[in-house]
1. Could you please find all residues in the stretch 15-36 being touching a helix residue (DSSP H, G or I) at 6+ places or on another chain (Cβ under 9 Å) and among the basic types (Lys, Arg)?
2. Residues being touching a strand residue (DSSP E or B) at 6+ places or on another chain (Cβ under 8 Å) and either more than 28 Å from Trp134 (Cβ to Cβ) or not small (Gly, Ala, Ser) (or both): count how many of those fall in the stretch 14-67.
3. Only one of these is surrounded by fewer than 16 Cβ atoms within 10 Å (Cβ to Cβ) and of a type in the set (A, V, I, L, M): Ala146, Ala154, Ala160. Name it.
4. For the stretch 147-191, how many residues are part of a helix (DSSP H, G or I) and in contact with a Gly (Cβ under 8 Å, 6 or more places away or on another chain)?
5. Scan the stretch 41-64 and tell me whether some residue there is farther than 25 Å from Leu191 by Cβ and in contact with a Pro (Cβ under 7 Å, 6 or more places away or on another chain).
6. What number of residues in the stretch 164-192 are touching a residue at least 40 places away in the same chain (Cβ under 8 Å) and either in contact with a Lys or Arg (Cβ under 9 Å, 6 or more places away or on another chain) or of a type outside the set (Val, Ile, Thr) (or both)?
7. Can you tell me which of (1) at pLDDT below 95; (2) closer than 24 Å to Phe112 by Cα is the one Thr172 doesn't meet?
Amino acid sequence: MLRLGLTGGIASGKSAVAAMLREMGFAVLDADSLAHRLIEPGQPTYNEVLQEFGQTVRAPDGRVDRGKLSAIVFADRSRLDRLNAIVHPRVAEVVFRQFEDWQRSGTRDAAFVEAALLIESGIHKKLDGLVVAWCEPEQQLQRLLARGLSEAEARRRIAAQLPVEEKLLLATEKIDCSGSLEQTHRQVKALAAKLRRGAVRS
């Protein structure tokens, strides 16, 4: 079983590609959602986040207010790096435990971990390959504006990630999400066919 990563810049089409892979029968772990769960009350990471960022990021119900936390870390690169240093090692532990479970349960061909920061976290170095979903930077910006972000906030979030050019240099497979969903689907279908005949190798 190949252990593959799926990444891409924010609003680049990564989640759409992940959904298509799931529809085609591949196991895909959403590491970004996992990271959100790991800062819930009762998780070890929860206490570390509150110690680092203070009670101001604690919502009335006791959970971490992700909006407040995002406002802090996306305004200060050093605080973002600190948050990632707390969360990424825990995410990696769960990701590789899940890969082992899938392998034991007989998953064949390939399984994926989907995450925006696969490269930044270093997880990609322990994988068999990396699929990078990408689109033009202007499209990223327009998609983020459509989600309700201000232009300044959208640009901050794009700038907080590795440039797409650097991600593409590390890709073993690339999915161009700048066109229609149908065009993206054709590329994902072609990737699935390659995986099933064992033509993708790191």
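The values are calculated or read from the model by the stated rules, or taken from the named source; none is laboratory data. Computed from a predicted model, the values in this text were never measured in an experiment. Please note: Cβ atoms are built from the backbone with ideal geometry, for glycine as well, and neighbour counts cover all protein chains shown.
1. Those that are touching a helix residue (DSSP H, G or I) at 6+ places or on another chain (Cβ under 9 Å) and among the basic types (Lys, Arg): none in the stretch 15-36.
2. 18
3. Ala146
4. Counting residues in the stretch 147-191 that are part of a helix (DSSP H, G or I) and in contact with a Gly (Cβ under 8 Å, 6 or more places away or on another chain) gives 4.
5. Checking the stretch 41-64: at least one residue is farther than 25 Å from Leu191 by Cβ and in contact with a Pro (Cβ under 7 Å, 6 or more places away or on another chain).
6. 16
7. For Thr172, the failing item is (1).
Residue-by-condition table, conditions (1) under 26 Å from Glu151 (Cβ atoms); (2) among the acidic types (Asp, Glu); (3) assigned to a loop (DSSP other than H, G, I, E, B):
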{"residue": "Leu6", "(1), (2), (3)": "no, no, no"}
{"residue": "Ser12", "(1), (2), (3)": "yes, no, yes"}
{"residue": "Leu21", "(1), (2), (3)": "no, no, no"}
{"residue": "Gly25", "(1), (2), (3)": "no, no, yes"}
{"residue": "Gly67", "(1), (2), (3)": "yes, no, no"}
